[in-house]
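The values are calculated or read from the model by the stated rules, or taken from the named source; none is laboratory data. Just so you know, these numbers come straight off a predicted model, no measurement behind them. Here the Cβ positions follow ideal geometry from the backbone for every residue, glycine too, while neighbour counts run over all protein chains shown.
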Amino acid sequence: MSQRIASRLLPTRAVTEGAGVQVRRAIGTPELRELDPFLLLDHFGSDDPDDYGAGFPEHPHRGFVTFTHMLDGHMEHRDSMGNRGDLRAGGAQWMKAASGVIHAEMPRQTRGRMRGFQLWLNLPAAEKMSAPDYRDFSADDIPEVTDGATRVRVLAGEYGGRQGALRDPHTGLLYLEARLPAHGRLDVPLQASHQAFVYVFEGEAAILGHPVPPHHLAVLGAGDSLGLDAGADGARLILVAGRPLGESVERHGPFVMNTRQEIEQALADYRDGRLVRPRA
Ligand code: MN
């Protein structure tokens, strides 16, 4: 067993998304354009409806998967596949945009806290123009592994002998949300071939003695396990890992393809109303 270190520690960038929603961006920034297979990580979180009320009105995606994880609040999703989903605290949504989806993600609350993550997972070239797909999971669908006061929710992949709610075949995604008590310890086996990161959203955690402050992303180095130690106030964090695709990445806003030409095609298809294929 070799322990993974925090090879890079990155703060988030404040970004305005959707119709004016403030998010903290941790992947997809000038400092970290991508972390193959992860294209983007946004952390949204506010107690102020003015920060999130405008939501994410109708917009397109092509070429990848969006994975949304709600910590607090209530969002409604509608898309061109005909899906309507309610995202509530503790739940998650997996949307394979692939050849093209147009969707809206709108708050269904006018007060209180809205908090969560959106992660973009790249698709291999052979899947980018495949048919879109969609699944959502309520908090009850997500297994929780407890060890004393440490609680680990297994959103995707496997941990502690529990299979997560989601199996992402393209990246072998592991997505854990952990809550550690003061000075709590968490050990997680990781595939040596997988890219992995930790994002702390409450408290502080240390990796081999190196602190990861709140709202920081720790990119993990090589190895097949991770040990985390929470600070005096405990910690809440996500640990995410996935198999790198090793393919070229061309991106333009909501479109992520392999070549510039495919991006031009996506822009033309969206402009001409051909992004979304008629359903069979
Ligand atoms: Mn979207």
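Before moving on, here are some points about what is shown:
- If you go through the stretch 38-72 and keep only what is in contact with a Lys or Arg (Cβ under 6 Å, 6 or more places away or on another chain), small (Gly, Ala, Ser) and away from the ligand (no atom under 16 Å from the Cβ), you end up with just 45.
Residues checked against (1) more than 26 Å from residue 114 (Cβ to Cβ); (2) hydroxyl-bearing (Ser, Thr, Tyr); (3) not in a strand (DSSP E or B):
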{"position": "196", "(1), (2), (3)": "yes, no, no"}
{"position": "206", "(1), (2), (3)": "yes, no, no"}
{"position": "211", "(1), (2), (3)": "yes, no, no"}
{"position": "214", "(1), (2), (3)": "no, no, yes"}
{"position": "219", "(1), (2), (3)": "yes, no, no"}
{"position": "229", "(1), (2), (3)": "yes, no, no"}
{"position": "234", "(1), (2), (3)": "no, no, no"}
{"position": "239", "(1), (2), (3)": "no, no, no"}
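- Checking each residue in the stretch 1-39 for being among the polar types (S, T, N, Q), buried (at least 16 other Cβ atoms within 10 Å of the Cβ) and part of a loop (DSSP other than H, G, I, E, B) picks out 12, 29.
- Of the criteria (1) modelled with pLDDT under 95; (2) part of a strand (DSSP E or B), which one residue 170 fails: (2)
- Close Cβ contacts (under 7 Å, 6 or more residues apart or on different chains) running from residues in the stretch 91-110 that are at positive phi to residues that are within 12 Å of the ligand (Cβ to nearest atom) and of a type outside the set (Phe, Trp, Tyr) comprise 100/60; 100/62.
- Per the conditions (1) basic (Lys, Arg); (2) surrounded by 21 or more Cβ atoms within 10 Å (Cβ to Cβ); (3) under 17 Å from residue 5 (Cα atoms), the sole criterion not satisfied by residue 153 is (3).
- Consider the stretch 78-105 and keep the residues that are farther than 20 Å from residue 129 by Cβ and buried (at least 20 other Cβ atoms within 10 Å of the Cβ). The one that is farthest from the ligand (Cβ to nearest atom) is 90.
- Candidates 229, 233, 224, 269 - the one that is touching a Gly at 6+ places or on another chain (Cβ under 6 Å) and either within 24 Å of residue 42 (Cβ to Cβ) or of a type outside the set (Val, Ile, Thr) (or both): 233
- For residue 113: the one exception among (1) modelled with pLDDT under 95; (2) within 16 Å of the ligand (Cβ to nearest atom): (2)
- Only one of the numbered conditions (1) within 21 Å of residue 55 (Cα to Cα); (2) in a loop (DSSP other than H, G, I, E, B); (3) without any contact (Cβ under 8 Å) to a residue 60 or more places away in the chain is violated by residue 130, and that is (1).
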